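To start, the structure under review is shown below, and the notes come after it.
FYI, it's all coordinate maths here, none of it is from the lab. Computed from a prediction, not measured in an experiment: that's the story for all the values here. As a convention, Cβ positions derive from the backbone with ideal geometry for all residues, glycine included, and neighbour counts pool all protein chains shown.
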């Protein structure tokens, strides 16, 4: 889809330590322009630190970063005008109105009075903030705040947009709309890097990387990741699921067992050729109960490549 | 140009926030107003009408006249009468009265022989002659009250006997400059400018920046092209005007309500105030780079404020402090400012003439700025 000079972010051997803690460990990453790239990982997996390294806010302990053709951290100042950053927590001013916040950010980015006026008009209508323009930001709902934060992050039309867990305080309806807006931005040429711990969100990204303890466990498009997964996904419909789960989890061939309502979702190592036969010969499951191979989800990918599932179990 | 626009954006935002923050805005006006009234009315070293008791063993016309003469000084007022010295002492224990005047039975003999009364000087060997007329029993724990009553010790008694004043020539001629009526408010009001500016300027700036960190705004600001120095300048400028507003309130009310003279020119006043506001704001900046939240910044402000009240010469004369306290006093910007503003307001001295204090404030500001800028960079990483 692209050539080498179409790369927005390139990092090699990127490591950042805080004292004894290694927040990002030997990360190699390539993000192509005009794509939405996801960072999927639990809290504390190094997503925010990685984003801060790419924005030039933090200096790497070792490794090299190139963002939009600029070498970081040396050229971090030049990068400022070309990137937008939406923080995890709402970080605009609660005691300013929507319009005042946008005017403030516009001035900070050096927009002229005329540019500012037309740009703010435009943003207010794109992000449906027109009716709220004189309302104090602090009194708005999570979804409204998030739209405002996105509007502020793109006021200077950045080439690269960083979103740090943008939808953690937003309901599903607003989350859908938000992603529509992200795809619009992407379509207009913006590269977006978004961190999340929601599977459904990660699944919308063009490509994603799964992070854990600062280490990249896997990367690729969601489809690729599901295809090359190292486990079979098997669903078992049976009685006495809690008991069965305990028995299955003790098997070395079983990576993870999670209960989903009346089913058990079992991840079986790919070395087993026929997982259905493997499970039924164990004689733990009554004969008439259903054992079926199902299509893997991103959550299965996530569970397979993170954590020490052999010991902990999934659900 | 862009840099100027960014500083302007911060200033505008700061003013908008201040406008919405009714509490802080109220404090800007009310702190100087209330403090001024409190200090000007409550702190008074010229004490009047101390409640005292009387034990009159003499019960004569003379003793009553003596009592009247004492009342006429205005220092005390007799609220209680006791029959015995024992009862009087119990009353002092109970804090019913602060002191008791005991008039002895032989008050008339004592009075007649008293040297100040003017029946000529008796031979000094005569012990009878040097006996005081009466006795004061005083609760001496409060030194100011004790001193006021002690000042009655050499009260002239001539009026008592309707005799012409026996005028004696003082050893020294004392001319009181700048505050001839000895009104303490004249000294307090200019000093109060220093105390209130210390309090509000340090508190507002340190809190204003820490708040930005606490609420997470800083995380957004540091990804923008805004430079730390632009942020600092933009934050400081609105408070320079607030400081100026407070000075106008304090000196204005001081002048109108308490008749405090403002002898110095406006230029000198502005210069002195500007130097001090800068020093205080920079101190606030330094605090903001150390404090992790608004509570800590408040605590640190109090840590600076207390010595600024006690050691700056505002309440107690610098000359009376032990040498160690004087060292601390010299470090505080408030000390130098209080000297400057008293100089300007009361004595019409030019700021430049008080070179040391001026240079110290400038030095303090510069060093503070460097420290703040250095520490501020660290907090980004």
Chain B: angle of helix B:61-72 to the longest principal axis, Cα-based, in degrees nearest 10
20
Take the Cα coordinates of the protein assembly as shown, assign each an equal point scatterer, and use the Debye formula without solvent to give log10 I(q)/I(0) at q = 0.06, 0.07, 0.10 Å⁻¹.
-0.59, -0.70, -1.03
Two-site FRET efficiency, residue B:27 against residue B:373, from Cβ-Cβ distance with R₀ of 41 Å, rounded to 0.05
0.90
Quick one: helix B:184-214 against the long Cα principal axis of chain B, what's the angle to the nearest 10°, folded into 0 to 90?
30
Most fluctuating of A:23, A:258, A:113 in the GNM of chain A (C-alpha, under 10 Å) is A:113
Find the relative contact order for chain A and round it to a whole percent, using C-alpha pairs within less than 8 Å whose residues are 6+ positions apart.
19
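Could you list the square roots of 5 times each eigenvalue of the Cα gyration tensor of the range B:1-83, that is, the equivalent ellipsoid semi-axes, sorted largest first and rounded to whole Å? Can you show the working numbers first?
Working: eigenvalues 793, 28, 9 Å².
For the range B:1-83, the semi-axes come out at 63, 12, 7 Å.
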How many angstrom lie between the C-alpha centres of the range A:149-163 and the range B:245-271?
50
Kirkwood Rh in Å, taken over all unlike Cα pairs in the range A:229-312
12.7
Can you check what the Kirkwood hydrodynamic radius comes to for chain B, Cα pairs only, in Å to one decimal?
24.9
Which residue, A:51, A:192, A:291, has the most motion in a Gaussian network model of chain A that connects Cα atoms within less than 10 Å?
A:291
Got the relative contact order for the range B:312-381 handy, in percent, Cα pairs under 8 Å and 6 or more residues apart?
24
Any idea what angle helix A:113-126 forms with the longest principal axis of chain A, computed on alpha-carbon atoms, 0 to 90 degrees, nearest 10?
30
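Run the numbers on chain B and let me know its relative contact order in percent, using alpha-carbon pairs under 8 Å that are six or more apart.
On the way: 473 pairs, mean separation 68.0, N = 381.
18 percent.
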Which residues does a label at residue B:95 reach in the range B:36-76, if reach means a backbone N under 17 Å from a point 7 Å past the Cα toward the Cβ?
B:50-53
Would you tell me the mean number of C-beta atoms belonging to other protein chains that fall within 10 Å of each C-beta in A:109-118, as a whole number?
2
For chain A, set up a GNM with springs between Cα atoms under 10 Å and report which of A:22, A:55, A:292 has the largest fluctuation.
A:292
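Averaged over peptide A:46-54, how many Cβ atoms belonging to another chain are found within 10 Å of each residue's Cβ?
Values: counts 0, 0, 1, 0, 0, 1, 4, 0, 0.
Average per residue, whole number: 1.
Considering only DSSP beta bridges whose two residues both sit in the protein assembly as shown, what percent are antiparallel, to the nearest 5? Write down the numbers at each step before the final one.
Values: 43 of 72 bridges.
Around 60 percent of the beta bridges assigned by DSSP in the protein assembly as shown are antiparallel ones.
Pull up the DSSP beta bridges for chain B and report the antiparallel fraction as a percent, rounded to 5. Present the calculation step by step, with values, prior to reporting the outcome.
Numbers: 4 of 15 bridges.
Percent antiparallel among DSSP bridges in chain B is about 25.
From other protein chains only, count the Cβ atoms within 10 Å of every residue's Cβ in A:151-157, then give the mean. Write out the running numbers ahead of the final one.
On the way: counts 0, 2, 2, 0, 0, 2, 0.
Across the residues of A:151-157, the mean count of other-chain Cβ atoms within 10 Å is 1.
Can you say what percent of the DSSP beta bridges in the range A:52-180, counting only those with both residues inside, are antiparallel? Round to 5. Don't skip to the end; give the middle numbers.
Values: 4 of 8 bridges.
Rounded to the nearest five, the antiparallel share is 50 percent.
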